[in-house]
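The values are calculated or read from the model by the stated rules, or taken from the named source; none is laboratory data. Note that the coordinates shown come from a computational prediction; the quantities given were computed from them, not determined experimentally. Positions of Cβ are generated from backbone atoms using ideal geometry, with glycine treated the same way; all protein chains shown enter the neighbour counts.
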Amino acid sequence: MTTTTKPSKIALVTGAGSGIGRACAQRLLEHGYTVVLAGRREAPLASLAADAHARGQHALAIVCDVTDPDSVARLFDEIRTRYGRLDVLFNNAGRSGPPVEIDALDIDAWRAVVDTNLTGVFLCTRAAFGLMKAQSPRGGRIINNGSISAHAPRPNSIAYTSTKHAITGLTKSVSLDGRKYDIVCGQIDIGNAATEMAERMAHGVPQANGEIAVEPLMDVAHVADAVLYMAELPLAANVQFLTVMASKMPFVGRG
C-alpha cells in the first residue's frame, strides 16, 4: 500500500516582516503552506524564514517594494520559476499617512500612501491574476487587507481612508473578473489588532467628537485565524467581506 503526501499550497504574503503580515504568514506556515515572505526590509523576513526552516516549515524570503512594478515583476518571476503556481495571495502591505488636516497634507505624502495601499495592491493582484489563470489546475485566491477605514474614517486620515475605500472596489472588480478563471477575491477589514502599528490606540487617539480616547485592542492571532479560514475554503466558496475587530472599539453605533 502506498501513501501520497498532499502537495503544499503556495501562498504569498506582502508586508510579511511585521505585524499582521507576520502573524498571518506564521499561521499559514503552521498549516502546511509554503509561504513566500515579501517586504521591503530583509532582516525581519530572513529571521521569519529561518524560524520557519528550524520548525521544518517551508518559507522563502524575498525583498520587494510593492510600489515598484519591476520589483513586483521580479517577485512573481521567482514564484513562477520556483513553484510554477500561486494558490493564495494576501495583499497586506500598507502604510498610513501623517495625521494632518487635508489642507496640510503634502502631495508627496498623499502619493506615498496611494502608491503603497492601492497601486501596490493592484500590481501584486495583476501579477497574481495572470499566473493563476494560466497555471494548471487554474485558479487561486486573493485576499485583500482592507480596514475598518474601508467603512468609516478616523479624523485626519484622508489618504489612508481613500485608499481603503478603493480597495473595496478593487476587491469587487477582481471577484467579478476572476469568475471565468476560478480566481476568487475577498477582503478582510481589521479593527485594532494589537501590533506595532496600533500601539498608539492604547495611549489614546483622536475621536470624531474631538476627544482623545483609549481604544481596546484584540490579539492579532484572531486576524491570523480569520485569514487562514478564508484561505482554506475551496474555490467554490468565498468570503467576500469579513470584519474582525476589537469588540468594544468605537466603530458600531455612536462611539
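The table below gives the values:
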read-out	value
Evaluation of Ala193 against (1) in contact with a strand residue (DSSP E or B) (Cβ under 7 Å, 6 or more places away or on another chain); (2) modelled with pLDDT of 90 or more (one fails), failing number	(2)
Any chance Ala52 is at pLDDT 95 or above, touching a Leu at 6+ places or on another chain (Cβ under 6 Å) and either exposed (fewer than 14 other Cβ atoms within 10 Å of the Cβ) or more than 16 Å from Ile142 (Cα to Cα) (or both)	yes
Pair list, Cβ under 6 Å, 6 or more apart: segment 22-45 residue more than 18 Å from Arg95 (Cβ to Cβ) and touching a residue at least 40 places away in the same chain (Cβ under 8 Å), other residue small (Gly, Ala, Ser) and in a strand (DSSP E or B)	Leu28/Ala11; Tyr33/Ala11
Residues (among the aromatic types (Phe, Trp, Tyr) and crowded, with 17+ Cβ neighbours inside 10 Å) located in segment 159-216	Tyr160
Answer residue from segment 215-243, given it is in a loop (DSSP other than H, G, I, E, B) and within 15 Å of Ile20 (Cα to Cα) and is nearest to the chain's Cα centre (by Cα) among those	Val220
Restricting segment 122-143 to residues that are small (Gly, Ala, Ser) and in contact with a helix residue (DSSP H, G or I) (Cβ under 7 Å, 6 or more places away or on another chain), the residue that is surrounded by the fewest Cβ atoms within 10 Å (Cβ to Cβ)	Gly139
